[in-house]
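Take a look at the structure below.
The values are calculated or read from the model by the stated rules, or taken from the named source; none is laboratory data. Source: prediction; values computed, not measured. Reconstructed Cβ throughout: ideal geometry from the backbone, glycine too, with neighbour counts over all protein chains shown.
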Amino acid sequence: MSEGATAASFVAKWRARWPEWNVAEAFVDPGQRPVVEAWFALLQEIREAAWSGEDPTPGLAKLAWWHEELEGWAKGVRRHPLGQILQRQPAPWSVLARALNSLPATRPEPAQQAARGVHGFAGAVAQCEVALFGRGREGDAAAGDAHAVLELAERVLLTGERSDIAWLLERWPGLGGAVRARRVHSALLRRRLQTLPDGGQPAPLQGWRVLLAAWRAARGR
């Protein structure tokens, strides 16, 4: 398999979990879509390492690998296929790499306690998105708080742990200063959280619900 095809497989894995993007991507600049998809695929790999599975040991090893890989991206070196799309982008990869160190401790914590540990990573994500897509706030405290809620919502979808849902929805950020791709994805994430079935897997949104949520988010509403 070529390196490009392997990168495409990670994007396909992310899109398989978010089939709503087939509709929602219409509200993202076509020129940005390949980077947006690769970026969200990268974040999915990091979240899986941090929070998925019953045994945390494999995830710790993966996070350590990602730390090394992202530090390499900052120096112009890449091994992971997603780096073919992302590594040359002017993002603060080293900042993101160092922020991974705080994630393992958040694994067993409820959202109210985990928010502090996730804050540094969330702020680094916000900084990267400004660098990758332009506009938005550069990872200030408010952006870190907002992205922390989103990251913990992603954790809920991975683990199926419903006890955090009410707390997260009460604190859902407006994201008026975030980049458009983030606003659109956040709208889909919120709707998924609101409709997460008891004891079930998160179900994709359907039809006009996706269109309306993405349209409103793209307009900053």
Exercise. Could you count how many residues in the range 80-102 are at pLDDT 95 or above and among the charged types (D, E, K, R)?
Worked result: 1
For this session: Find all pairs meeting these conditions: Cβ atoms under 8 angstrom apart; at least six residues apart or on different chains; first residue within the range 147-162 and farther than 12 Å from Arg192 by Cβ and in a helix (DSSP H, G or I); second residue of a type in the set (D, E, K, R) and at pLDDT 90 or above.
Result: Val149/Arg171; Glu151/Arg47; Leu152/Asp164; Arg155/Arg47; Arg155/Asp164
Problem set entry | Considering residues of the range 9-32 that are at pLDDT 95 or above and of a type in the set (Lys, Arg) only, the residue surrounded by the fewest Cβ atoms within 10 Å (Cβ to Cβ) | Lys13
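Yes or no, residue by residue, for (1) in a helix (DSSP H, G or I); (2) crowded, with 21+ Cβ neighbours inside 10 Å; (3) in contact (Cβ under 8 Å) with a residue 12 or more places away in the chain; (4) polar (S, T, N, Q):
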position: Gln84; (1), (2), (3), (4): yes, no, yes, yes
position: Pro90; (1), (2), (3), (4): no, no, yes, no
position: Ser94; (1), (2), (3), (4): yes, no, yes, yes
position: Ala99; (1), (2), (3), (4): yes, yes, yes, no
position: Ala115; (1), (2), (3), (4): yes, yes, yes, no
position: Val118; (1), (2), (3), (4): yes, yes, yes, no
position: Phe121; (1), (2), (3), (4): yes, yes, yes, no
Problem set entry | Which listed residue is within 27 Å of Ala203 (Cα to Cα) and not hydrophobic (A, V, I, L, M, F, W, C), from Gly144, Gly120, Gly174, Gly134 | Gly174
Problem set entry | Members of the range 203-221 that are surrounded by 15 or more Cβ atoms within 10 Å (Cβ to Cβ) and among the aromatic types (Phe, Trp, Tyr) | Trp215
For this session: Residues being modelled with pLDDT of 90 or more and out of contact with any Phe, Trp or Tyr (no Cβ under 7 Å at 6 or more places or on another chain): count how many of those fall in the range 152-187.
Result: 19
Exercise. Among the numbered criteria (1) at pLDDT below 95; (2) in contact with an Asp or Glu (Cβ under 7 Å, 6 or more places away or on another chain), which single criterion is violated by Gly134?
Worked result: (2)
Exercise. Which number in (1) surrounded by fewer than 20 Cβ atoms within 10 Å (Cβ to Cβ); (2) of a type in the set (D, E, K, R); (3) modelled with pLDDT of 95 or more marks the one condition that Asp55 misses?
Worked result: (3)
For this session: Give the number of residues within the range 101-113 that are outside any helix (DSSP H, G or I) and touching a residue at least 24 places away in the same chain (Cβ under 8 Å).
Result: 3
